[in-house]
Amino acid sequence: MNLSRICTLVDLKYYLACALQLEHATIPPYLTAMYSLIPGTNTEVARILRVVAVEEMLHLALVANLLNAVGGEPNLLSKDFIPDYPAYLPDGESEFQVSIEAFSPRALDTFLRIEQPSRKHSLVEGEAAKDRPYYTNLRALLKVDPNVPRLAFDTIGDFYEAIREGFKYLYLTMGPALFKGDPARQLTPEYYYSGGGKLLPVVDLRSAFDAIQLISDQGEGYEGHIFGHEGELAHYYRFKQIQYGKYYMKEHCQQGHNDDHPPTGPELDVDFNSVYPIKPNAKLRDYPEGSELRAAAVDFAMSYNEFLGLINKAFNGQPALLMESVPQMFRLKEKAQALVRNKIPGMENLHAAPIFKLPK
Amino acid sequence: MSGHSDFKLFLEFSAAITGYSQFQLQGTGQAELYFSTLIEVVGAGVVSEMLGVYRDIASHEYLDEMLKQHIFADARWGPIARNVIKLWYVGTWYQLDKFPNAVDFKRIVSPIAYTEGLLWRTIGANPSGAKAPGYGSWANPPTIPPT
């Protein structure tokens, strides 16, 4: 009996297209929380958020490599690619939604849920996911067999485990023909820096497994261990440090400790009050027509979409364009920071937030 | 005059003398700090008085000319207004010597003030040693935003 949920190459491409949406969906919330910190305060929180966001960008690129390796075409420009926040994660988790909001205990709780290690629950079929339009659209686009269940995973780790199983199953049936993508479309290590892990090209089953393993390890940790096998602290535990206001110490984390083990190291400064109080999930309509704020928000959204367009080209046969995208990321940061430092006219104590998707 | 409306006036005044909009000035995150620095050195009363002079000319058709005459050419307000421009552009308070007190000395008012100086965006460059613009970006021409 085939236990894999992924039975055909089309299924695999569908899962990887969802993975691309998933990795991207976490980036605007992490970045916005980071921008909401008042400069000069919460420096360690800012560092943690930055590392996690940068590594999510690595994951996005790794998923593009996985998809390109099997002859797929990453698409960051479909109309549902950027979620309408608040949004459920595209792997079909149904217990929580993700928001664009300031750094706060509530945001931290969401971040912990995003990076929650697998609980190895049995997978439930996706009733909850039925009313989410991007599934329907993506499935129609990729001509996914209607018998393939909708995604409904409990954690991101479970979702990637299914992808791993899918690669294994398809390799057993197709052999090396599974990796029929043009290797020239692969993004290679020189395009990634300033974060943990490595941008691995995917050309065979071994490198596919390595890429999937890296994504899971950086997010939730390696087999329940707080430190990954490269000595890097997983995202979930980085956020736990903020929650407890303490660092994990490697020497205190013996094998067998799971996520219930609180950090025991030196104190880590967390100041929830030194944050710009930005309006959660702000929409363009929140900014007065004709105001400079509104123009700046439109400018940010347009720049962001232009930026996605550039990396989409990089993901589709022109990897060298990733170099050009880096200065754009820094300019986006400047624009977003200017927004969060401005109050919304007419909403006395609320600051503006970047908007990643313009209304239709 | 209350501190709150003085701050609003300070922003408006700053926009008029720097050539940057209030949105852009607030976008540096330094507005409150520059306002409090100014008050700390020259005193709230003096700041209020100078902003009062500005308020009286603020809606004038030839604001630049009015600023020259009533602020920059004025022996009392000129040096203070120039110092405010310098604060915004280079994040530095320059010693005035007119208000002898312990806080009137040349200094960069905060680590962020240096990186947020309007100078950098005016010339389309990143502040030296900060706000790294990305590997290889030095091969590109400066990006001076349209005015």
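Remark: spin-label model distance B:Val103-A:Ala177 equals 7.7 nm, labels positioned 7 Å along the Cα→Cβ axis. Shielding by partners for peptide A:186-192, expressed as the average number of C-beta atoms from other protein chains within 10 Å of each residue's C-beta, is 0.
With a Förster radius of 25 Å applied to the C-beta separation of B:Gln69 and B:Thr143, the computed FRET efficiency comes to 0.10. Across A:Leu77, A:Leu22, A:Leu310, mean-square fluctuation computed from a Gaussian network of chain A (C-alpha pairs under 10 Å connected) peaks at A:Leu77.
Relative to the first principal axis of the alpha-carbon coordinates of chain B, what is the inclination of helix B:44-57, with its axis defined by its Cα atoms, in degrees from 0 to 90 and to the nearest 10? So the inclination is approximately 90 degrees. Peptide B:20-29 shows a mean partner chain C-beta count of 6 within 10 Å per residue C-beta. Across A:Cys18, A:Cys7, the residue with the most accessible area heads the list, and the full order at a 1.4 Å probe is A:Cys7, A:Cys18. For segment B:7-127, a crude dipole built from +1 on the beta carbon of Lys and Arg and -1 on the beta carbon of Asp and Glu, taken about the Cα centre, is about 300 debye to the nearest 20.
Charges on Cβ only, +1 for Lys and Arg, -1 for Asp and Glu, centred on the Cα centroid of segment B:7-127; of B:Phe10, B:Gly52, B:Val42, which one is farthest towards the dipole's positive end? The residue sitting farthest along the positive end of the dipole is B:Val42.
Measure nothing but the geometry: give the 0 to 90° angle between the long axis through the Cα atoms of B:77-90 and the longest principal axis through the Cα atoms of chain B, rounded to 10°. Helix B:77-90 and the main axis of chain B meet at about 20 degrees. What aspartates and glutamates sit close enough to A:Lys246 to cross-link, taking a C-alpha to C-alpha distance under 17 Å and skipping anything fewer than 8 places away on the same chain? Candidates past the 8-residue exclusion: A:Glu44, A:Asp109, A:Glu232, A:Asp259, A:Asp260, A:Glu267, A:Asp269, A:Asp271.
With a 10 Å cut-off between alpha carbons and a GNM built on chain A, which of A:Ser303, A:Ser216, A:Ser194 moves the most? Result for chain A, Cα springs under 10 Å: A:Ser194 fluctuates most.
Of the cross-linked pairs A:Lys313/A:Lys343; A:Lys283/A:Lys333; A:Lys79/A:Lys283; A:Lys335/B:Lys68; A:Lys333/A:Lys357; A:Lys279/A:Lys333, those separated by over 24 Å at the C-alpha level are A:Lys313/A:Lys343; A:Lys335/B:Lys68. Restricting segment A:278-360 to GluC sites (Glu not before Pro) that sit in a DSSP loop and have at most 14 other Cβ atoms within 10 Å of their own Cβ leaves A:Glu289, A:Glu348. The stretch between B:Ala130 and B:Arg76, if pulled fully straight at 0.36 nm per residue, gains 15.9 nm over its current Cα-Cα span. Please say if segment B:7-127 is rounded, prolate or oblate, where rounded means a/c under 1.5 for a ≥ b ≥ c the square roots of the C-alpha gyration tensor eigenvalues, and otherwise the choice is prolate for a/b larger than b/c and oblate otherwise? Oblate, since a/c reaches 1.5 and b/c is not below a/b.
The Cα atoms of segment A:262-360 give a gyration tensor whose axes a ≥ b ≥ c have a/c of 1.5 or more with a/b no greater than b/c, which makes the shape oblate.
Of the three principal axes defined by the Cα atoms of segment A:176-320, the extents in descending order read 59, 52, 22 Å.
Any idea what angle helix B:31-42 forms with the longest principal axis of chain B, computed on alpha-carbon atoms, 0 to 90 degrees, nearest 10? Rounded to the nearest ten degrees, it is 40.
Comparing A:Pro345, A:Phe307, A:Pro359 along the charge dipole axis of segment A:290-360, the residue lying farthest to the positive side is A:Pro359, per the Cβ-charge model. The interface between chain B and chain A buries about 1300 Å² of solvent-accessible area in total (1.4 Å probe, ligands and nucleic acids excluded). Relative to a virtual label point 7 Å from the Cα of A:Arg50 in the Cα→beta-carbon direction, which members of segment A:225-247 show backbone nitrogen distances below 18 Å? Hits in segment A:225-247 for A:Arg50 at 18 Å: A:233, A:235, A:238-239, A:242. Listed by chain and number, the lysines whose C-alpha is less than 16 Å from the C-alpha of A:Lys13, apart from same-chain residues fewer than 8 away, are A:Lys143, A:Lys168, A:Lys180.
With 20 Å bins beginning at zero, the pair-distance distribution over Cα atoms of chain A amounts to 30, 59, 11, 0 %. Distances between placed amide hydrogens fall under 5 Å for A:His351 paired with A:Ile278, A:Lys279, A:Ile344, all partners being 5 or more residues away or on another chain. Over segment B:7-127, Cα pairs under 8 Å with separation of 6+ residues give a relative contact order of 22 percent. Taking 0.36 nm per residue of separation and subtracting the Cα-Cα distance, full extension of the segment from A:Ser291 to A:Asp145 would add 47.7 nm.
The values are calculated or read from the model by the stated rules, or taken from the named source; none is laboratory data. Source: prediction; values computed, not measured. Don't worry about glycine lacking a Cβ; one is built from the backbone with ideal geometry, like all the others, and counts go over all protein chains shown. Protein only, heavy atoms only, side chains kept; ligands, DNA and RNA dropped before computing areas. Shrake-Rupley method; radii C 1.70, N 1.55, O 1.52, S 1.80 Å.
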